[in-house]
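Notes follow the structure.
The values are calculated or read from the model by the stated rules, or taken from the named source; none is laboratory data. Because the structure is a prediction, the values reported are computed rather than measured. With ideal geometry, Cβ positions are generated from the backbone for all residues, glycine too; neighbour counts draw on all protein chains shown. Protein only, heavy atoms only, side chains kept; ligands, DNA and RNA dropped before computing areas. Shrake-Rupley method; radii C 1.70, N 1.55, O 1.52, S 1.80 Å.
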Amino acid sequence: MGAETVIIEKNFINGAWEDSGGEKIAVIDPVTEQPIGHVCEASAADVDRAVAAANAAFPAWSALTGAERAAFIRRLSAAIRAHMDDLVALQKRNCGKPPAEAEADFTGSIECLDYFASQAEALDARRQQDIAYDIPGMASVTRLEPMGPAGFILPWNFPMKICAWKLGPALAAGCTVVIKPSEIAPFTDTFWGLAAEEAGLPAGVLNVVNGRGAVTGAALAEHPDLRKIAFTGSTRTGKAVMQAATNGVKNIGLELGGKSPIVVFEDADLDLAARLAAEGVFYNSGQCCNATGRLLVQDSIKEALTEKLLDEFAKVVLGAPDTPGMTMGPLASKAQYDKVTGYMEIARKEGLKCLAGGGPAAQFNSGYFVEPTLYTDVPRESRLWNEEIFGPVLCLRSFASEEEAVREANDTEYGLAATIVTEDDARAARVAARLEAGHIYTNTSVAIPPQTSWGGFKQSGIGRELGPWGLAGFLEVKTVTSRA
Ligand code: TXE
């Protein structure tokens, strides 16, 4: 998988690679803007066969013990390990990620699968439990049962890891799955089919269909024979998926956009604050749902922090993934480049004060590179303050008091994550309790370990991935009440 063209014209359905007669979708290298290969689009009929395979495989797969399923999940993570070098090379080419970030997509997937293998084993002991209550003559037990076949609609920013967040708990719970990778970064998620073969997964437990959202994604979202749709992507598409899922009644998990604040108080360690703020918008070129795109800084330290921030901005080395010393790659697609440079244009029209960057990176002949960008004193009503940009663009506002900081941080339609930087533990705890977001970080990077929870308040989504909550997202609860 070095520099050769990658052509995938098959879907993985019922344990076999089936020819797809669908339209070819070119996959583009964001550095050269040239195709690196293509996938073929699965039709509604292909999706139908994949869903039928997932349904047929469900009774036997769900009847295995958790420990038996855990062994398969561990073999999936072994398959990733065995192909790591090729997968990382492919991810660098397809997404323009720096080497360490490309690798993290796979090490994160392995870590997640291994965690959910352990959860599958633990489920054997938890599967049936007495309910303690005090009604004379009656007794109840709960049973945890797998929800049924599930469909995954995936994004391109962390293609493997975000699939692993869904696949680990689904397989652990006893669900079978149909995966639809993003058409922008489909190759490594199609690898799940190869991994399933190497792991010896029973036919139909894991299926992969490629294609665009409006065709293949929509067919999956509206399929009446799925019990759950798990989606990660934009809030706009999440709403469309939710609407389509009402063709039949399905469970739904939505991990959507964000506009996460990083709040820096005057007692903060400013070097740490500058590093966290920069890292929070530069990781994966800012294409992270938890990107800390809104920096709120206390008035008294605004100038000092801005200076340190500009030092961090100056350290960024834009380049192709294999350029020595590069720290940030291009945006992943033309659409994303147009979106981010469109916001830079809006910033000009709004008259925002730009302290760094503010446009495409002019030093490249090709590629979706944009400059790391800092706007300061951004008005509350600016579109850049309110909307998800999904690029290396940081907007700064200052505040006078803790009360104002909390109010500003919460003044958004999103609620995915938030970061607090302060040396005062009591303040950190107080503010964390008041912020409306699914994951609050204090004095640390916005990492997402599989043992924690992931998901948002408000327009950032429905449900939680990861941890015991992620597993619960693929389980039904059945209570059996009997005469004692
Ligand atoms: O996302 P879409 P796009 C945000 C980010 C980004 C914006 C647009 O702000 O700039 O979304 O990115 C499938 N029925 N995030 O256009 O459309 C599609 O094929 C069913 C946040 O890439 O949400 C892909 O597999 N499926 C984010 C998936 O939805 C449909 C990650 C995501 O695409 C569909 C990515 C339809 N009608 C983008 N339309 C995060 N939360 O991390 C599209 N799809």
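Here are the numbers for the structure shown:
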read-out: Whole-number Å³ per residue for the convex hull built on Cα positions in the chain; value: 148
read-out: Carbon plus sulfur fraction of accessible area for the chain, probe 1.4 Å, in percent; value: 53
read-out: Exposed GluC sites (Glu not before Pro) absent - longest run of the chain, DSSP non-H/G/I/E/B, at most 16 other C-beta within 10 Å; value: 34-265
read-out: Between 0 and 90°, nearest 10: helix 235-244 axis offset from the chain longest Cα axis; value: 20
read-out: Förster radius 56 Å - calculated FRET efficiency between Thr452 and Glu350, Cβ distance, rounded to 0.05; value: 0.95
read-out: log10 of Debye I(q)/I(0), alpha-carbon scatterers only, for segment 312-401 at 0.15, 0.25 Å⁻¹; value: -0.57, -1.32
read-out: Alpha-carbon Debye profile of segment 261-449, log10 I(q)/I(0) at 0.09, 0.10, 0.15 Å⁻¹; value: -0.30, -0.37, -0.84
read-out: Pair Asp311, Arg380: separation of 7 Å Cα→Cβ label points (nm); value: 3.4
read-out: Per-residue [θ]222 nm for the chain (sum of -39500 (n - 2.57) over DSSP H runs n ≥ 4, rounded to 500); value: -12500 deg cm²/dmol
read-out: Neighbour net charge for Pro30 - beta-carbon separation under 11 angstrom, K R +1, D E -1; value: +2
read-out: Simple spin-label estimate for Glu279 and Ala203 in nanometres, 7 Å along Cα-Cβ; value: 4.8
read-out: Modelled FRET efficiency - R0 41 Å, Gln363 with Glu476, Cβ distances, 0.05 increments; value: 0.15
read-out: Rounded accessible area per residue of the chain, 1.4 Å, Å²; value: 38
read-out: Segment 238-369: projected area of the alpha-carbon convex hull, averaged over directions, in nm²; value: 11.3
read-out: Ranked by how many other beta carbons lie within 10 Å on average, peptides 324-333, 443-452 from highest; value: 324-333, 443-452
read-out: Gained length - Asp338 relative to Ala304, 0.36 nm times residue gap less alpha-carbon distance; value: 8.9 nm
read-out: Pair-distance profile P(r), taking every C-alpha pair of segment 123-236, with 5 angstrom steps and integer %; value: 2, 11, 20, 20, 16, 10, 6, 6, 5, 3, 2, 0
